[in-house]
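Right, I'll just put the structure down here and ask away after.
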2 protein chains.
Amino acid sequence: MAVSLILAHPDPSSLNHALARSIVEALEEQGVAVSVHDLYAEGFEPNLTAREIRTHVSGDPAVEQHASELAVADGLVIVHPVWFDAPPAILKGWVDRVVREGTAFERGEEGGFLGLLRARTALLVTTANAPYDPATGDALDHFWKGFVLAAAGVPTVERLHLTPVIASDLATRRGWLEDAATRAEALFVT
Amino acid sequence: MAVSLILAHPDPSSLNHALARSIVEALEEQGVAVSVHDLYAEGFEPNLTAREIRTHVSGDPAVEQHASELAVADGLVIVHPVWFDAPPAILKGWVDRVVREGTAFERGEEGGFLGLLRARTALLVTTANAPYDPATGDALDHFWKGFVLAAAGVPTVERLHLTPVIASDLATRRGWLEDAATRAEALFVT
């Protein structure tokens, strides 16, 4: 079992980074290999190029590496803050460039998608400051569960949504770190 | 009347660029000044920084310039392709960094938004290859009309959605260029 974790937050001292660490530690303790991609730390370039639109192949070795790894991962973890009911630009760019035709999905005859990923399960961990609004949940659920991961052929997407971060005390945050670790173990430790 | 136009497509020979040109020519012919921002050509950097999260001020002069211009524009035009039911990463990054607290909106007492933009009207021109799906429309409408432009205080957002681009013939594309120009004139020529 090899899991890919994608993290999209600019501040290494953020709750998002702590959540990613908690998940990685829990999984590795149980013998699950985790490949961690801190997109900001990697300097991931989010802008899909004209060449990529035409050819579905990238001149950027980082994109090719991400696409290859995504195709063969046994499980996915995505950790991000919710900005304007959507992922940060750097993560939208990871989707635009890496979740691409040819390696993540093929287009079917009638305009539908045929998913190519090996992963059957994804854990989506999101953080926000606004009180939970079902419309917000629906927008992000539509993006990840209804479109991106559905197109790529990942049938099970579980979501842990944590809010409000800004008003949370230490005990609450510790509980969230434990929740994230427990959810990841339940999904990926076999 | 001064209009800001934001364009987000990597290929200068794209329909998106032609649509932007058609709108600019029509408005300028009628005496409306248009400030054009081709985000790819400008090399706009989409990644919100940790400092920007903390302070709502940017160390990037391009972001400060965009924020100042957005605040005083009399009207907005946004032209973009639909990728995964959402704007390209570079445009999501423009939203993340430029549509910011302090210059585009303030937060109200109860978690709501108080819009700060002068513009009363925006024209959203989107292109796609998939057949029109109301769910797609809803996702983008939620993002722009339901959240970003609502938070910033722009009450009227008209949308021209053009699809499928990939199968369109020359006459269809010419018609779209005229439609875009006509819609822009109706909204911004006084």
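The values are calculated or read from the model by the stated rules, or taken from the named source; none is laboratory data. For clarity, every value in this text was computed on a predicted model and none was experimentally measured. Ideal geometry is used to build each Cβ from the backbone, glycine not excepted, and the neighbour counts take in all protein chains shown.
When residues of segment B:13-32 are filtered for being within 14 Å of another protein chain (Cβ to nearest Cβ), over 20 Å from B:His161 (Cβ atoms) and within 17 Å of the chain's Cα centre (by Cα), how many remain?
0
Can you tell me which residue among B:Thr103, B:Thr156 is surrounded by fewer than 15 Cβ atoms within 10 Å (Cβ to Cβ) and polar (S, T, N, Q)?
The match here is B:Thr156.
While we're on this one: Which of (1) touching a residue at least 40 places away in the same chain (Cβ under 8 Å); (2) more than 10 Å from chain A (Cβ to nearest Cβ) is the odd one out, the single condition B:Ala167 does not satisfy?
(1)
In segment A:1-20, which residues are surrounded by 24 or more Cβ atoms within 10 Å (Cβ to Cβ) and assigned to a loop (DSSP other than H, G, I, E, B)?
Result: A:Ala8, A:His9.
Can you tell me which condition A:Gly31 does not meet? The list is (1) in a strand (DSSP E or B); (2) at positive phi, and all the others hold.
(1)
Mind checking whether some residue in segment A:55-63 is in a loop (DSSP other than H, G, I, E, B), of a type in the set (Ser, Thr, Tyr), within 13 Å of another protein chain (Cβ to nearest Cβ) and closer than 19 Å to B:Trp83 by Cα?
The answer is yes, given that some residue of segment A:55-63 is in a loop (DSSP other than H, G, I, E, B), of a type in the set (Ser, Thr, Tyr), within 13 Å of another protein chain (Cβ to nearest Cβ) and closer than 19 Å to B:Trp83 by Cα.
For segment B:138-148: of the residues being within 15 Å of B:Val79 (Cα to Cα) and without any contact (Cβ under 8 Å) to a residue 40 or more places away in the chain, which is surrounded by the fewest Cβ atoms within 10 Å (Cβ to Cβ)?
Among residues in segment B:138-148 that are within 15 Å of B:Val79 (Cα to Cα) and without any contact (Cβ under 8 Å) to a residue 40 or more places away in the chain, the one surrounded by the fewest Cβ atoms within 10 Å (Cβ to Cβ) is B:Asp141.
Could you list, in sequence order, all residues of segment A:123-137 that are under 30 Å from A:Val189 (Cβ atoms) and not hydrophobic (A, V, I, L, M, F, W, C)?
Hits for segment A:123-137 are A:Thr126, A:Thr127, A:Tyr132, A:Gly137.
(1) within 20 Å of A:Leu7 (Cα to Cα); (2) away from chain B (no Cβ under 11 Å); (3) among the aromatic types (Phe, Trp, Tyr): which one isn't true of A:Tyr132, the others all being true?
Tallying (1) within 20 Å of A:Leu7 (Cα to Cα); (2) away from chain B (no Cβ under 11 Å); (3) among the aromatic types (Phe, Trp, Tyr), A:Tyr132 fails exactly one: (1).
Condition (residue is aliphatic (A, V, I, L, M) and within 25 Å of A:Arg183 (Cα to Cα)) applied to segment A:60-70: is it met by at least one residue?
yes
Only one of B:Leu7, B:Leu76 is within 24 Å of A:Thr55 (Cα to Cα) and either among the basic types (Lys, Arg) or touching a strand residue (DSSP E or B) at 6+ places or on another chain (Cβ under 8 Å) (or both). Can you tell me which?
B:Leu7
From the list B:Leu140, B:Leu177, pick out the single residue that is of a type in the set (A, V, I, L, M) and more than 16 Å from the chain's Cα centre (by Cα).
One residue alone meets the criteria, B:Leu177.
Taking the residues in segment B:49-72 that are surrounded by fewer than 20 Cβ atoms within 10 Å (Cβ to Cβ) and among the hydrophobic types (A, V, I, L, M, F, W, C) as candidates, determine which candidate is nearest to B:Val99 (Cα to Cα).
B:Ala67
B:Asp85 fails exactly one of the following numbered conditions: (1) at the interface with another protein chain (Cβ under 7 Å from one of its Cβ atoms); (2) at pLDDT 95 or above. What is the number of that condition?
Failed condition: (2).
Look at A:Glu110 and say whether it is more than 8 Å from chain B (Cβ to nearest Cβ), of a type in the set (Asp, Glu), in contact with a Leu (Cβ under 7 Å, 6 or more places away or on another chain) and free of Cβ contacts under 8 Å to residues at least 60 places away in the same chain.
Considered against the rule, which asks whether it is more than 8 Å from chain B (Cβ to nearest Cβ), of a type in the set (Asp, Glu), in contact with a Leu (Cβ under 7 Å, 6 or more places away or on another chain) and free of Cβ contacts under 8 Å to residues at least 60 places away in the same chain, A:Glu110 comes out as no.
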